[in-house]
Amino acid sequence: MEEHHESSDKPALMTSPGRMRRGIVIVAVTLAIGFGIVFTLWDEMFANPPPVTRLQTGEPTPPPPAQAGVTQITMLAGAAVSGAPDFSPDDDATVPLGNKVVWNNADTVPHTATSGSGPEDAESGAAFDTELVNGGEESAEIDVGGEVGDVIPYYCIVHPYMTSQLTITEAEEGGGGAATGPTINIPSGASVQGNTSYEPAELTVKKGDTVTVTNADTAIHTVTSGQSGDEDSGSAFDSDLVEPSASAKIDTAAIDAGEYPYYCIVHPYMTGKLVVTE
C-alpha cells in the first residue's frame, strides 16, 4: 500500500523572466532620468543654495560707556514681550539740557524710540524719532530738544506697549552738552537672577574719573568691589546702598590702574567689572 505524504513547505512565488526584465528596465530608466536632471542642474544647484536662517547666539554686546554730552538709554533684552521691562532708565530718565541721547538696543528684534504717547498721538515723532534700531545696535545721537522741566513721553512704533518718558534737566556744570561722565546703570528687574545686572557689564574709565551709579530698579543695590565672601570686598570702592530711583558716586582717584570685579552685596549673583586705566 502506497503512502502519500503532503509536503509542509509552501510553494515559492516566482516571477516570469519577462516581468523581471521589464522591472529592471523601469529601474534603469528612472535612475537615468534622475542622473540627467542632477547633471543638468548641477551648477545651478550650487549657485543658488537653499536659504538658511541664522540663529542669534550669546548675549547682545553691552552698550558702550556714556560719551561726552550723550545720555545713554537701553532698550532691554526681552522688551518685545508685552509687560516685560522695556527701557532703562525708564520713566525716571533725565537728560541734561544740551545733551543728546543714544538708545542702545540690547534686544534681538528692532525697536524705535519715537516721541509721543502712541500711534494715535497727532504729534507722534514731532520731537524725535530714532527710526528702526536693529537688535544689538544703537541709534544715532538724537537731539530731543525741549526746555528744562519738559517731560517728553516716547514709545516704540513696532511695539506700542513699550512706553517711557524722559525729563529735561538743568545743564551740568561746564555748560550745555557737558560730559555726563561714565555711568553704571542698574536696570529695572536687575534683582531677578538671570536678568541683566549692570549696564554696561564692563566699564573702562581713566584714573580720577567719577563714576555715577544709577538705580533704575525697584530694589536696593550696591556696586561693591570684589566678590561675595572676599575678605577685601569693598576695599577698592563701594557705592553703599543705592535706593530705587537714586544714584551714588564712585571716585577713582585713589584706585590703582587695573581690573576690578564688583557685585551687589544684597544680590551677590549681580556682577560686573570696572577697568581703571592711567
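Residues are listed down the side, and each one gets a yes or a no for (1) over 14 Å from P96 (Cα atoms); (2) free of Cβ contacts under 8 Å to residues at least 40 places away in the same chain:
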site	(1), (2)
T130	yes, yes
V133	yes, no
A140	yes, yes
D143	no, no
P153	yes, yes
C156	yes, no
L166	no, no
Q | Output for the range 122-155, where each listed residue is loosely packed, with under 14 Cβ neighbours inside 10 Å and part of a strand (DSSP E or B) | A | V151
Q) How many residues does the range 220-260 hold that are of a type in the set (V, I, T) and open to solvent by 50 Å² or more (accessible area, probe 1.4 Å)? A) 1
Q) Scanning for something under 30 Å from G145 (Cα atoms), open to solvent by less than 70 Å² (accessible area, probe 1.4 Å), aliphatic (A, V, I, L, M) and touching a His at 6+ places or on another chain (Cβ under 8 Å), does the range 186-198 turn up at least one residue? A) yes
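Search the range 199-211 for residues being open to solvent by 20 Å² or more (accessible area, probe 1.4 Å) and not in a loop (DSSP other than H, G, I, E, B), and hand back the single one that is nearest to S247 (Cα to Cα).
If we filter the range 199-211 for residues that are open to solvent by 20 Å² or more (accessible area, probe 1.4 Å), which is where we start, we get 201-202, 204, 206-210.
Checking the rest, the ones that are also not in a loop (DSSP other than H, G, I, E, B) come to 202, 204, 206, 210.
Details: E202: 18, T204: 19, K206: 20, T210: 13 Å.
So, considering only residues that are open to solvent by 20 Å² or more (accessible area, probe 1.4 Å) and not in a loop (DSSP other than H, G, I, E, B), the one nearest to S247 (Cα to Cα) is T210.
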Q. How about the range 86-121: which of its residues are open to solvent by less than 60 Å² (accessible area, probe 1.4 Å), touching a residue at least 40 places away in the same chain (Cβ under 8 Å) and assigned to a loop (DSSP other than H, G, I, E, B)?
A. D86, P89, D90, G98, N99, A106, D107, V109, P110, T112, A113, G118
Q. So D217 clears everything in (1) at pLDDT below 90; (2) of a type in the set (D, E, K, R); (3) open to solvent by 70 Å² or more (accessible area, probe 1.4 Å) except one condition, right? Which one?
A. (3)
Q: Among the residues of the range 261-276, count how many are open to solvent by 50 Å² or more (accessible area, probe 1.4 Å) and either among the β-branched types (V, I, T) or assigned to a strand (DSSP E or B) (or both).
A: 5
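The values are calculated or read from the model by the stated rules, or taken from the named source; none is laboratory data. Remember, predicted model here, so these are calculated numbers, not experimental data. A quick note on method: Cβ atoms are made from the backbone with ideal geometry, for glycine too, and the neighbour counts reach across all protein chains shown. In case anyone asks, the SASA skips ligands and DNA or RNA and just uses the protein heavy atoms, side chains included. Shrake-Rupley method; radii C 1.70, N 1.55, O 1.52, S 1.80 Å.
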